[in-house]
Amino acid sequence: MAKAKIFISSVNEDGLKRLRKEAFDELRQLGHEPVMWEENLGPWPAYADPVSKCLEAVGEADIFLLFVGSRGGTYYKEAQRTVTHMEFIQAHDKGKTILVFADTSVKAAFFGTVRKWIDDFLEQYMTESGRPPSTDEVLAALRHHPGVPSHVDPYVWFLLHDLSVRNVYMDDLSLGVRIDWPTYFSDLLRRGSMLLPLKHSIIENGRRLAQSDEAFRLLSELASLQPKADGPDYEAVLGAVASRMTAGRIEHRYGPYVSETVGGYDACIGATLYVREGEKMRFVAKWGDVAWNRSFRLDDKGSYVALTYQMNKDTVHYTQSKSMFYGCFKHGEHVLTLHCPAGPDWDNRKYVTYQESVNDAIMNKNPYLVFLVKMVLGGLLA
Amino acid sequence: MNVYVSKNGKVSLAVGEQPKDALLFAPAKKSSTQLVQEDLSAWKISNSLIQERFAQATQRQ
């Protein structure tokens, strides 16, 4: 079973050495997998860049644990950041769980005065220079300001400011006081356990968002279509709709627990639109290379257009001889058909067995899209 | 759900083997409007649950 990999980061300063060592030992005893420079990170071959290696290790960790004391650490001029800061940026960018402990007196000074001073400095600098200051300029200003505690490395303020801008919570760190790691990690487990059951809801919401996004994109495309001299460009409308009916799988569900793929259908190759006029369904437009009739009698039992109108229900029709699914959508006086080739292994017997799954796959592929198409067609043809 | 077949100008329940050129269909149980309404309702409930849980899980005690 995988263990929680915890990257322990901090400046290697005297006050934090014991704390880091204690944390490393205790976390390992608790069954986790701590990673720390002095203990089990490196050594690497001479050609390997140790900073890159550290950042790699952060990327592989599950949790990023950062201790902040009063020293800033090794500053890389080229990056304008310290190694510790770069490790934090890497953890933040990779979406790791970040746990920060900052020295209580440093934290108090930061939130008491220094944070506001940095905010004001940045704003004033922007106003006067029209650009943000470089890190070196911020550090120089912090170094020379009499109101900023001088026993703390200016880079610490710069780091804490970045943490606060990113809304990273900072726990108190009292040097000499042991952190109760079992309780701390038990709380973390409790919080994580509350969120894990949300997996299904989050995935489902992601699906809904993607479907809504697709419907919105279709709406944008339809809104930008130029009408023809004699009315709406129905062919372009049908093309926009049909091109979104991509190939898909047909899945058969066994209750709410499990499903299996029983076949598929290809991307839509054509679409037609009909409108009722008297006792007939009159052809309005088509898209793609599909057969069409000038009109169908409403009582024509061989026409999926007329049948859909009469049933007043969205329906998928299937013919084995043409190996085709016809998704038929009724709205008001109109019937829209989308033609999707059935996979090679479909026949009448299989359709009868899995017709509900076929409906689910084609009719319910994106209900937002279908709903939108109906609204648009209703508006255009009203 | 019943499957219907259209052949020889008539619609009937599809029972047994059907000719290859027959038109088969089974009307959908729900309309797209119903599907969208149900999905939007589920989306709303799901969002509330996620927000509530995250609020509890991130609350500092």
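Taking 7 Å steps out from each Cα toward its Cβ at A:Asp347 and B:Lys30 produces label points 3.4 nm apart. Once each of the GluC sites (Glu not before Pro) sitting in a DSSP loop with at most 14 other beta-carbon atoms within 10 Å is removed, chain A keeps A:79-278 as its longest stretch.
Could you identify which residue out of A:Pro367, A:Pro154, A:Pro256 has the top mean-square fluctuation in a GNM of chain A using Cα springs shorter than 10 Å? Looking only at A:Pro367, A:Pro154, A:Pro256, the biggest GNM fluctuation is shown by A:Pro256.
Extension gain for A:Asp299 to A:Thr113 (0.36 nm times residue separation, less C-alpha to C-alpha distance): 58.7 nm. Each eigenvalue of the Cα gyration tensor of the protein assembly as shown, multiplied by 5 and square-rooted, gives one semi-axis; in descending order these are 65, 27, 19 Å. Return the subset of A:Lys350/B:Lys30; A:Lys228/A:Lys330; A:Lys301/A:Lys350; A:Lys94/A:Lys374; A:Lys94/B:Lys30; A:Lys199/A:Lys286 for which the Cα-Cα distance in this structure is over 32 Å, preserving the input order. Violating the 32 Å limit, Cα to Cα: A:Lys94/A:Lys374; A:Lys94/B:Lys30; A:Lys199/A:Lys286.
Dipole of region A:210-381 computed with +1 at Lys/Arg Cβ and -1 at Asp/Glu Cβ about the Cα centre; of A:Leu377, A:Gln211, A:Ser259, farthest Cα towards the positive end is A:Leu377. Peptide A:312-319 shows a mean partner chain C-beta count of 6 within 10 Å per residue C-beta.
What is the mean projected area of the alpha carbon convex hull for region A:210-381, to one decimal in square nanometres? Let's see the in-between values first.
Working: hull surface 41.6 nm².
Over all viewing directions, region A:210-381 projects a mean Cα-hull area of 10.4 nm².
At an R0 of 45 angstrom, the distance between the Cβ atoms of B:Asn8 and A:Ala229 translates into a FRET efficiency of 0.55.
Of the chymotrypsin sites (Phe, Trp or Tyr not before Pro) in region A:33-70, the ones in a loop by DSSP (not H, G, I, E or B) with at most 11 other beta carbons within 10 Å are A:Tyr47.
Evaluated with a Cβ-only charge set (Lys, Arg +1; Asp, Glu -1), the protein assembly as shown carries a dipole of roughly 1480 debye about its Cα centre, given to the nearest 20. The residue among A:Asn348, A:Ser303, A:Asn364 whose Cα reaches farthest toward the positive pole of the charge dipole of region A:293-382, with charges on the beta-carbon of Lys, Arg, Asp and Glu, is A:Ser303. Please find the FRET efficiency linking A:Glu33 to A:Ile89, where r is the Cβ-Cβ separation and R0 is fixed at 25 Å, and quote it to the nearest 0.05. The formula returns an efficiency of 0.65 here. Summarised as an ellipsoid, region A:146-302 has semi-axes of 62, 26, 12 Å, derived from the eigenvalues of the Cα gyration tensor scaled by 5 and square-rooted, with the largest first.
Roughly how crowded by other chains is peptide A:208-218, in terms of the mean Cβ count from those chains within 10 Å of each of its Cβ atoms?
Details: counts 6, 1, 0, 2, 3, 0, 0, 1, 0, 0, 0.
Mean partner-chain Cβ count within 10 Å for A:208-218: 1.
Per DSSP H run of n ≥ 4, the term is -39500 (n - 2.57); total these for chain A, divide by its residue number, and report the mean residue ellipticity at 222 nm rounded to 500 deg cm²/dmol. Could the numbers behind the result be given before it?
Values: 14 runs with 173 residues, N = 382.
My calculation for chain A gives -14000 deg cm²/dmol from helical runs alone.
Between A:Arg276, A:Arg71, A:Arg131, the residue with the greatest mean-square fluctuation in the GNM of chain A (Cα pairs under 10 Å linked by springs) is A:Arg131. Result for chain A in a Gaussian network model with C-alpha springs under 10 Å: among A:Lys77, A:Lys96, A:Lys365, the largest mean-square fluctuation is at A:Lys77. Legend: mean number of C-beta atoms from other chains within 10 angstrom of residue C-beta atoms, peptide B:46-53, equals 4. Dipole orientation for chain A: of the candidates A:Phe283, A:Leu336, A:Tyr234, A:Phe283 has the Cα lying most toward the positive pole (charges on Cβ; Lys, Arg +1; Asp, Glu -1).
Only the coordinates and a few stated rules stand behind these numbers; no lab work does. Being a predicted model, the structure only gives us computed values, none of them experimental. For neighbour counting, all protein chains shown are included, and Cβ atoms are generated from backbone atoms with ideal geometry for every residue, glycine included.
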